[in-house]
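Step one of this worksheet: look at the structure below.
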Amino acid sequence: MKKPLENNVIKISLIIVAVIIGVVLLTIGFFFILIEPDITAFGSDRLDVDKLNSYSQSVTLLDVFGNPIDDSIYFGNNNISVCVDDLQDHTLNAFIAIEDKRFYSHHGVDYRRMASALISNVKSGGFNEGASTITQQLIKNTHLSNKKTIKRKISEIRLARKLERVYGKRQILESYLNVLYFGSGIRGLGTASRVMFDKPASELTLAQSAALASIINNPSKYSPYNNIENLDKRKRLVLKQMLNQKMISNAEYSDAVNEPLIFGNNRNIQYVTGALKAACSSLKCSERTLFLNNYTIYTSFNPKIANAARTILLGTDDYNARILVLNNHTGGIACDETNCTKFINPRRSPASTIKPFISYAIALESGLNPLSQIVDEPTSFGDYAPTNYKGVYRGYISLSDCLKYSSNVAAVKLMKQFGVEQSKSMARQFGIKFAQSDNTLALALGGMENGVTLPEIVNAYRTLANGGKYSEVSYLEKIKNGDSAVTYKPENKTTSAVNDDTAYLLTDMLIKCAQSGTAKKLKDIGIIAAKTGTNGDEKGNYDCYGIAYTPEYTIAVWFGAKDKPIPNSVTGASCCDIIGRLCKTADLDTTEPFVMPNSVAYFDIDYKELAENHEVYLADPLLQPRYRVSALLSKRHLPIRKNVDILDYYDSYMWE
């Protein structure tokens, strides 16, 4: 066993060796740094100012009212830039205290700290303590790799010294804060402040600033979402350093240590990313070009609706969830919120939400009416035998009731009657796309090879709300290059998907679906048309939809399986529950009625024939009132009277 004296001798020897190594390294460093010979073995060491200023190449995103979205300016990767002059002293000092306490006195490299770190690392037998200044960290994050090599370190030191000769300290600090990585895909202090505390960085408290300064040391180890205890200990260390360096008082230290911190995950990635993608597509440019030109993008973003949707989505982490809201009049995407940490727009099976467009629209356009009868019973179509939800069949029922209860057999029968190709052709008028292999009757139930995106299927419902007129939807209203004239504006070209009588009849049928059908969770909301859809099996559900519309907005909620199927208890009806909450929370108007076109009207129907023979006839003029029932019908496709030999005199009477 070694004696204490021998152990001390060994430690002293190691320290001496470490000092000698440090002196040698520093000598080499001074040789390359101060003399700066033209030796290419250590790299070109070219200072690229564009890399340092990338955060200032911004895109301004404005909401539908002309205000910046989230009161922020976005730059590369949707981050929010900060200006150092807008930040409070305690925010700046938190980063300086823990990362580089001699920041304002050194010239890019802290040699005292380097020597101290070297000795500490030799003692510990590892590389536990770093010595990079804020300037060096900025260079590493913007110019170099993370490899721990002498070559990279020397390049870092040389570039840091060069940077200090061309940039002031506050410029360096601003660039540094804007490129820091906080984990979870969050880059830049402005983004971290908005995501984690839902406020601009200029409003951060001392405790919040210390917490953010703590995370950057090791974003995984000090994550507020996974390792809150580690973060709290590190936050206390930052505050202690600030106290020791006389940046804060004892009272401020005590208050900050005891201040409870609540971390959110308030990321507006979905809408912002969608808007940027749309802008790049419209201008036919890369995202880098978009930022280099400092564009101002005017969007249809409605903050009131979006904030309500974001709040509602809290607590839905067991599966992917998305809320999409379209402005029916403009085609603008007013809200696009998810519970995901990245932009999502997958192609998925539309399930039963496709039925109005692929089965019922062609039926109404071809002359059937909402009262036309179908036998809802177990039916085989060759090898294909669709079944209704929970095996419920209702016998003879009307088209309106088939849609209201979302009968699978009825939807397939209609497609069979009018043909797969004609049904697909009709659905295409609503913007629904099909693969070449989509040629089976399963299409009536959403059985597609590629599926649809949520904006595609939701816009089909918006087309009904607009009387059958189809147009594209967009995040964008216009794009301007700085203060110049408008660079881009959507054309908003309109085509006719169906006649207005068909659109209104389908809307009336879907209102009944919201009142007493599969979407009846919306029955107390007001005047609203709705449809649900659920794609799943005995293992669980994979897609759940609720899509509803008023004259002003079309609203959709989608749930998608994540790591495992969604429980069968969660269905399209569950999505309608969220739609109802959104209508109330965002104060969406559900009192305005849909405007009835002149192409439809209410007519008396012979109810006795309907009940007994399942045929739709107009009521004869002399038919007793007890056998009459009023029904909304298209004037283009009026049924005949059963007794067509009654005097023509009664025709004028009936029309009145």
Flagged pairs (Cβ under 9 angstrom, 6 or more apart or on separate chains; first in the stretch 530-544, at pLDDT 95 or above and of a type in the set (A, V, I, L, M, F, W, C); second in a strand (DSSP E or B) and open to solvent by 10 Å² or more (accessible area, probe 1.4 Å)) are C544/T532; C544/T534; C544/N535; C544/G536; C544/W558
Quick one: is A460 at pLDDT 95 or above, over 22 Å from K277 (Cβ atoms) and not in a loop (DSSP other than H, G, I, E, B)?
no
Inside the stretch 231-244, can you point out the residues that are surrounded by 17 or more Cβ atoms within 10 Å (Cβ to Cβ) and not β-branched (V, I, T)?
L231, R234, K235, L239, Q241, M242, L243
Looking only at the stretch 190-230, how many residues end up being open to solvent by less than 20 Å² (accessible area, probe 1.4 Å) and among the β-branched types (V, I, T)?
3
Within the stretch 538-546, does at least one residue satisfy the condition of being in contact with a Lys or Arg (Cβ under 8 Å, 6 or more places away or on another chain) and among the hydrophobic types (A, V, I, L, M, F, W, C)?
no
Which of the following residues is of a type in the set (G, A, S) and under 24 Å from C280 (Cα atoms): A351, A306, A385?
A306
Which of (1) charged (D, E, K, R); (2) within 26 Å of Q137 (Cα to Cα); (3) open to solvent by 30 Å² or more (accessible area, probe 1.4 Å) does D255 not meet, given it meets every other one?
(2)
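Given the options K564, K523, K584, name the one that is of a type outside the set (V, I, T), surrounded by fewer than 17 Cβ atoms within 10 Å (Cβ to Cβ) and more than 26 Å from Y389 (Cα to Cα).
Values: K564 fails: more than 26 Å from Y389 (Cα to Cα); K523 fails: more than 26 Å from Y389 (Cα to Cα).
Selected residue: K584, the only one of K564, K523, K584 that is of a type outside the set (V, I, T), surrounded by fewer than 17 Cβ atoms within 10 Å (Cβ to Cβ) and more than 26 Å from Y389 (Cα to Cα).
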Between residues in the stretch 269-280 that are without any contact (Cβ under 8 Å) to a residue 24 or more places away in the chain and residues that are open to solvent by 10 Å² or more (accessible area, probe 1.4 Å) and assigned to a helix (DSSP H, G or I), which pairs lie under 7 Å by C-beta distance while being six or more apart or on different chains?
C280/E287
Test set (1) over 39 Å from the mean Cα position of the chain (by Cα); (2) open to solvent by 30 Å² or more (accessible area, probe 1.4 Å); (3) touching a residue at least 40 places away in the same chain (Cβ under 8 Å) - R394 fails condition number
(3)
How do the pairs read when you match residues in the stretch 572-601 that are hydroxyl-bearing (S, T, Y) with residues anywhere that are open to solvent by less than 20 Å² (accessible area, probe 1.4 Å) and in a loop (DSSP other than H, G, I, E, B), using Cβ under 6 Å and keeping only pairs 6 or more apart or on different chains?
T590/I528; T590/T550
Scanning the stretch 43-64 for residues that are in contact with a helix residue (DSSP H, G or I) (Cβ under 8 Å, 6 or more places away or on another chain) and at pLDDT 75 or above, which turns out surrounded by the most Cβ atoms within 10 Å (Cβ to Cβ)?
L61
Among the candidates Y545, Y553, residue that is of a type in the set (F, W, Y) and either open to solvent by 10 Å² or more (accessible area, probe 1.4 Å) or farther than 24 Å from V452 by Cβ (or both)
Y553
Do any residues in the stretch 443-460 that are under 18 Å from F418 (Cβ atoms) have Cβ atoms under 6 Å from those of residues that are part of a helix (DSSP H, G or I) and open to solvent by 10 Å² or more (accessible area, probe 1.4 Å), where the two are at least six apart or on different chains, and which pairs are they?
L445/N408
Residues in the stretch 368-391 that are touching a residue at least 24 places away in the same chain (Cβ under 8 Å) and either buried (at least 17 other Cβ atoms within 10 Å of the Cβ) or among the small types (G, A, S) (or both): how many?
10
Of all residues in the stretch 92-121 being assigned to a helix (DSSP H, G or I) and open to solvent by less than 10 Å² (accessible area, probe 1.4 Å), which is modelled with the lowest pLDDT?
A117
Any idea which residue in the stretch 479-503 is farthest from S634 (Cα to Cα), counting only those that are modelled with pLDDT of 95 or more and open to solvent by 40 Å² or more (accessible area, probe 1.4 Å)?
T494
Select from the stretch 283-334 the residues that are among the charged types (D, E, K, R) and either more than 25 Å from K562 (Cβ to Cβ) or open to solvent by less than 30 Å² (accessible area, probe 1.4 Å) (or both) and list them in ascending order.
K284, E287, R288, K304, R322
Any residue that is in contact with a Phe, Trp or Tyr (Cβ under 9 Å, 6 or more places away or on another chain), of a type in the set (V, I, T) and open to solvent by 10 Å² or more (accessible area, probe 1.4 Å) - is there at least one of those in the stretch 350-360?
no
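The values are calculated or read from the model by the stated rules, or taken from the named source; none is laboratory data. A quick note: this is a predicted structure, and the numbers were derived from the prediction, not measured. As a convention, Cβ positions derive from the backbone with ideal geometry for all residues, glycine included, and neighbour counts pool all protein chains shown. SASA here: full protein model, heavy atoms, side chains in, ligands and nucleic acids out. Shrake-Rupley method; radii C 1.70, N 1.55, O 1.52, S 1.80 Å.
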